[in-house]
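Just below is one structure, and these are the notes that go with it.
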Amino acid sequence: MSKKSDQPNPVYGRILLKLSGEVLCGKGECIDAEVAKKIAAEVAEIHTMGVQVAVVIGGGNIWRGATAAHGGMDRTTADYMGMLATIINGLALQDAIEKQGVSVRVQTAIEIKNVAEPFIRRRAMRHLEKRRVVIFVAGTGNPYFTTDTTAALRATEINAEVILKATKVDGVYDKDPKKFQDAKKYDQVTYLDALKNRLKVMDSTAFSLCMDNHVPIVVFDMFKAGNLKAVVLGEKVGTRVTDKI
C-alpha cells in the first residue's frame, strides 16, 4: 500500500498575487535582491504545492505616475513611465523566482519584445497549465488605471479563484491601525459593507470589477513569513472580502 502524502492540500488551484512595487524595497534600495529572494521563495513554496500562480506587480518603488502628475507632469506621460517601472520590477521578480527552480514568463501590456512576451490571454492560461508562474507587467497598457485595476482585470481574464493582495498590514481595518490604537480589524467583510464603510481594499475601479465578477479578495501581510502559504491553505489570515459572509 502506498504511503499517504503529508503534503497539505491548498484550497485554491489558481491564484493571482498582487504585489506593490514597495515590497521589493529594502536597505534603502529600490529593488533589494534579498527581499526579492524571500518573496520568490514563498511563491515557489505554494507553486510546489500545485497552485497555479499569476502575479501583478506595481512600480511605486521606482516611479508613481499620480504623484508626478500632481507635481505638474502630464498625467498620461507620467503613467506610461509608471508602466515601464513595473516592467523593471517584473524582470527582477522573474529572475528571483527562476533562481528557486521555477519556470516563469513575463507578459507585458506594452510591447517590448526583447525582454517580455506581449499579454495574450490564451498564452497566459497555457503557461499556467504548464506549471509556469506568469508575471503581468505594464498595467493594463492604458494611463489612468492602477495596478490594482490590472490585478482585478487579469484575475477575471484568467479565471483566478482569488486575488491575494499583499500589504504591509495584517488585513483591512475600519481606520488606520498605525494612527489609532482602537482600530478594528475585519476577518471577513462583504463588498457592499466595504463600500459603505469606505474601507480601503482597492481603488474603486478595481473593487467594482471584483464585485461584478465575484472575485474574492484576501488582504494579508506579505512580510510575515509563511503567510502566503497559510492563505492558500485556507487558514484565517488577513481579511477576506466576498459577496457574503
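The values are calculated or read from the model by the stated rules, or taken from the named source; none is laboratory data. Note that the structure is a prediction, hence the values are computed from the model and not measured. In this analysis, Cβ positions are derived from the backbone assuming ideal geometry, glycine residues included, and neighbour counts consider all displayed protein chains. Side chains are part of the model used for accessible areas, which takes the heavy atoms of the whole protein and leaves out ligands, DNA and RNA. Shrake-Rupley method; radii C 1.70, N 1.55, O 1.52, S 1.80 Å.
The condition of being in contact with a Pro (Cβ under 6 Å, 6 or more places away or on another chain) and in a helix (DSSP H, G or I) holds for residue 79.
Residue count for the range 87-111 under the criterion of being in contact with a Pro (Cβ under 9 Å, 6 or more places away or on another chain) and open to solvent by less than 60 Å² (accessible area, probe 1.4 Å): the result is 4.
Being among the β-branched types (Val, Ile, Thr), closer than 24 Å to residue 220 by Cα and either in a strand (DSSP E or B) or without any contact (Cβ under 8 Å) to a residue 40 or more places away in the chain (or both), is that true of even one residue in the range 26-42? Yes, some residue in the range 26-42 is among the β-branched types (Val, Ile, Thr), closer than 24 Å to residue 220 by Cα and either in a strand (DSSP E or B) or without any contact (Cβ under 8 Å) to a residue 40 or more places away in the chain (or both). Restricting attention to the range 67-78, does a residue exist that is polar (S, T, N, Q) and within 27 Å of residue 28 (Cα to Cα)? Yes: one or more hits.
Here residue 185 meets each of (1) touching a Gly at 6+ places or on another chain (Cβ under 7 Å); (2) open to solvent by 40 Å² or more (accessible area, probe 1.4 Å); (3) closer than 22 Å to residue 54 by Cβ with one exception, condition (3). What are the pairs with Cβ atoms under 9 angstrom where one residue, in the range 46-63, is under 11 Å from residue 14 (Cβ atoms) and the other, located anywhere, is surrounded by 23 or more Cβ atoms within 10 Å (Cβ to Cβ) and of a type in the set (Phe, Trp, Tyr)? Sequence gap at least six, or different chains. Taking only residues 6 or more apart or on different chains, the pairs are 54/136. Annotation for the range 144-155: at least one member residue is over 24 Å from residue 53 (Cα atoms) and either surrounded by fewer than 22 Cβ atoms within 10 Å (Cβ to Cβ) or among the charged types (D, E, K, R) (or both). Does residue 84 satisfy the condition of being of a type in the set (A, V, I, L, M, F, W, C), open to solvent by 50 Å² or more (accessible area, probe 1.4 Å) and in contact with a strand residue (DSSP E or B) (Cβ under 7 Å, 6 or more places away or on another chain)? The answer is no for residue 84.
Within the range 41-81, being touching a Leu at 6+ places or on another chain (Cβ under 7 Å), open to solvent by 10 Å² or more (accessible area, probe 1.4 Å) and more than 17 Å from residue 232 (Cβ to Cβ) holds for one residue alone: 61.
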